[in-house]
């Protein structure tokens with residue numbers, strides 16, 4: 001099954017566009033055409049041509065940047081969909097699927113019916129697909145790309161003989177060399193003597209030929225199904241009491257945690273969906289500060305969210321899914337590994353359910369001599385406590401946005417008013433000159449250099465003042481203990 | 001006169017205390033320097049930030065967790081939750097409006113349940129009746145030293161009131177209680 005326009009079909013499914021359309025991909029410093037629709041092909045575009053040429057060919061071309069990662073993800077979605085036909089589905093290149101339908105074709109009423117079904121479904125989804133069906137993987141590949149159709153069982157030769165040699169999954173160089181020899185079709189190649197071919201092109205060519213004509217076996221490697229972390233529960237009678245819902249959640253959690261344990265993973269985010277009798281669905285989302293798979297520790301975290309749910313006429317279906325999963329290998333418990341970190345993480349999760357997990361923060365040191373940038377504030381759930389804190393000079397305990405005071409000259413004023421207080425300078429230590437970081441533009445440092453003074457006032461307050469020599473003015477920025 | 005040894009520190013465990021005055025934050029960090037994790041609950045809109053670089057003279061800032069809340073209701077909810085849990089030995093709560101009796105009592109009960117200590121930093125004159133002790137802290141100018149502070153206990157449920165001059169010893173990381181020179185009982189206000 002080959003999707004010649006997978007990338008553009010994917011984009012056009014979401015935003016349908018009439019007229020020529022192409023996706024561009026930046027490669028080797030040029031904007032190239034990556035994928036285009038039927039309309040654009042009619043205008044003479046081809047894959048890999050430069051985007052400027054394409055615009056010249058077709059002035060009303062609409063374009064959009066390509067997203068190869070998204071396309072790969074979409075192909076995996078299609079792969080999962082294709083398991084409705086057979087369990088053995090693999091991925092072929094970046095725009096094809098390979099299905100081993102041995103023994104499952106009769107479920108759809110035979111091979112032709114199955115192909116019709118596939119085509120109809122893909123058409124409805126807005127995807128261009130070319131499907132080839134053959135005894136071997138090689139034959140199916142050739143048919144999908146060159147001459148769509150289906151090879152009769154047992155006679156791959158008849159169908160394939162007319163196809164060009166490029167249908168054998170060969171490199172471009174080999175194909176050109178074969179054409180120069182006059183071997184244009186698979187039938188020609190089949191008729192030629194084998195030893196000289198092997199000597200000239202290596203064993204690869206003949207291997208591909210044999211694979212296509214079922215003289216050599218070739219396997220399909222189906223992709224492993226990703227573990228699915230979702231469990232659900234349907235109830236015979238609707239429930240609405242808090243305790244009942246929590247009991248049901250506990251059952252779901254037990255199942256989910258068993259799954260997580262089997263995979264040695266832990267949930268980082270959970271989503272509980274409660275479907276009410278009137279088809280309304282309500283969700284409780286939970287984010288955890290550390291990966292967890294301990295039902296007894298997760299359950300109390302749901303209490304708050306479940307308490308806020310409006311049960312209406314009752315809930316009759318519940319689904320619990322781990323939306324975010326991280327590896328969590330089994331740890332050896334020793335007397336050294338106390339539960340302190342666990343308790344702290346539980347606490348962070350619990351506070352996080354109320355104020356949001358990103359609002360529980362911790363300080364991390366940063367390498368900057370600008371006082372406001374000497375530290376980073378990071379979400380505690382997604383960071384580890386960080387390394388040494390060095391204060392080369394005494395730094396204030398509190399920092400606030402600079403508050404201007406009246407003063408003149410480079411020495412701190414004798415008396416000044418700050419926050420409606422009259423203060424008298426008793427001792428001033430300084431200046432400590434800090435220059436702005438020119439490589440990072442900062443609004444607050446527009447005024448240039450700063451000379452910082454540690455000023456102790458007779459009234460007791462110990463303040464951090466600075467003077468800006470390039471733009472004369474005095475400001476208070478912090479307070480010492 | 002109060003003797004230097006009488007100072008009721010460290011703060012009584014499993015209770016909630018209060019500190020006010022311009023040196024309240026210094027009081028809080030000295031209390032936090034006792035060891036263990038600290039959770040600092042504050043409202044996100046406040047512009048006066050804590051500077052961890054300055055904090056490092058007192059204790060390791062990696063032990064500090066910060067909870068930024070939307071309003072005081074959230075602040076109190078987070079504080080109660082944390083006090084009840086007991087995983088964090090000291091919770092510092094920045095208060096912006098006075099607590100009523102019910103809120104103060106709830107914090108006390110939570111601290112009792114979790115055996116952890118709470119410390120509310122209150123604006124002056126906004127104390128709650130439920131607090132175990134209330135401290136008024138002011139920095140004091142001293143010609144030879146730049147960490148001198150006066151800590152006055154203005155409410156104490158299980159002891160007497162008093163006033164002490166203290167200074168922070170940054171090398172040994174401990175608090176020295178000093179007797180102020182040239183001051184007689186009753187002349188504590190004279191230095192202002």
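Just so you know, all these numbers are worked out from the coordinates, no wet-lab data involved. All values derive from a computational prediction rather than experimental measurement. Here the Cβ is made from the backbone with ideal geometry for all residues, glycine too, and neighbour counts use every protein chain on show.
Take each residue of peptide B:75-81, count the partner chain Cβ atoms within 10 Å of its Cβ, and average: the result is 3. Taking a quarter of the surface of the Cα convex hull of the stretch A:395-481 gives a mean projected area of 5.4 nm².
Using alpha carbons only, how many degrees (0 to 90, rounded to 10) separate the axis of helix A:242-263 from the longest principal axis of chain A? Compared with the principal axis, the helix lies near 60 degrees.
Computed FRET efficiency, Cβ-Cβ of residue A:331 and residue A:247, R0 25 Å: what is it to the nearest 0.05? The calculated FRET efficiency here is 0.25. Taking the inverse of the mean 1/r over every pair of distinct Cα atoms in the stretch A:314-391 gives a Kirkwood hydrodynamic radius of 16.0 Å.
When the P(r) of the stretch A:184-232 is calculated, the portion above 13 Å amounts to 69% of the C-alpha pairs. Expressed as a fraction of 2.2 N^0.38 Å, the C-alpha radius of gyration for the stretch A:434-481 is 1.28. For the stretch B:57-192, the Kirkwood hydrodynamic radius from C-alpha pairs, put into Stokes-Einstein at 37 °C and a viscosity of 0.692 mPa s, yields a diffusion coefficient of 193 µm² per second. Given in Å, the Rg to one decimal and the Dmax to the nearest whole number for the Cα atoms of the stretch A:73-230 are 17.0, 58. Highest mean first, the peptides A:292-302, A:105-115 sorted by other C-beta atoms within 10 Å per residue fall in the order A:292-302, A:105-115. The label point for residue A:261 and the one for residue A:57, both projected 7 Å from the Cα toward the Cβ, are 6.0 nm apart. Rounded to the nearest 5, the antiparallel percentage of DSSP beta bridges internal to the protein assembly as shown is 75%. Our summary of shape: the Cα atoms of the stretch A:386-442 have principal axis extents of 40, 26, 21 Å, ordered from largest down, in whole angstrom. Protection proxy ranking for B:96-104, B:141-149, using the average of other Cβ atoms within 10 Å per residue and placing the highest first: B:141-149, B:96-104. A quarter of the convex hull surface defined by the alpha-carbon atoms of the stretch B:26-103 gives 5.4 nm² as the mean projection. Footprinting exposure proxy ranking of B:47, B:138, fewest other C-beta atoms within 10 angstrom first, gives B:47, B:138.
Shape summary of the protein assembly as shown, radius of gyration then Dmax from alpha carbon positions: 36.8, 119 Å. The calculated pair-distance distribution of the stretch B:58-128 uses every alpha carbon pair, bins of 5 angstrom beginning at 0, and gives 3, 16, 27, 27, 17, 8, 2 percent. Ordered from longest to shortest, the equivalent ellipsoid semi-axes for the stretch A:133-205 are 21, 12, 11 Å, each the square root of 5 times a Cα gyration tensor eigenvalue. Peptide B:56-69 has a mean of 6 when you count, residue by residue, the C-beta atoms of other protein chains within 10 Å of its C-beta. Volume of the convex hull of the stretch A:1-43 (Cα atoms only), normalised per residue: 84 Å³. Compute the long axis of helix B:101-114 from its Cα atoms, compare it with the longest principal axis of the Cα atoms of chain B, and write down the angle in degrees, 0 to 90, nearest 10. The angle comes out at about 90 degrees. Share of pairwise Cα-Cα distances greater than 14 Å in the stretch B:69-108 is 43 percent (whole percent).
The value for the stretch A:208-267 of Rg(Cα) / (2.2 N^0.38 Å) is 2.14.
Per-residue shielding of A:342-350, expressed as the average number of other chain Cβ atoms within 10 Å of the residue Cβ, stands at 4. Panel note: the C-alpha atoms of the stretch A:187-307, placed on their principal axes, show extents of 81, 35, 18 Å (largest first). By the Kirkwood approach, averaging reciprocal distances over each pair of separate Cα atoms, the stretch A:243-291 gets a hydrodynamic radius of 12.1 Å.
Here r is the Cβ-Cβ distance between residue A:340 and residue A:277 and R0 is 45 Å; the resulting FRET efficiency, rounded to 0.05, is 0.50.
Semi-axes of the equivalent ellipsoid of the stretch A:240-322 are 23, 12, 11 Å, computed as sqrt(5λ) over the eigenvalues of the C-alpha gyration tensor in descending order.
From largest to smallest, the equivalent ellipsoid semi-axes obtained for the stretch A:54-94 from the alpha-carbon gyration tensor read 33, 10, 9 Å.
Here the translational diffusion coefficient of the stretch B:1-138 follows from Stokes-Einstein with Rh set to the Kirkwood radius across Cα pairs; for 10 °C and 1.306 mPa s it amounts to 106 µm²/s.
Applying the Kirkwood pairwise sum to the alpha-carbon positions of the stretch A:252-407 produces a hydrodynamic radius of 18.8 angstrom.
Rounded, prolate or oblate, given the Cα gyration tensor of the stretch A:163-250, with a/c below 1.5 counting as rounded? Prolate. Extension gain for the segment residue A:176 to residue A:190, taken as residue separation times 0.36 nm less the Cα-Cα distance, is 3.3 nm to one decimal.
Principal-axis analysis of the Cα atoms of chain A puts helix A:111-124 at an angle of about 40° to the longest axis.
Expressed per residue, the C-alpha convex hull volume of the stretch A:1-76 stands at 91 Å³.
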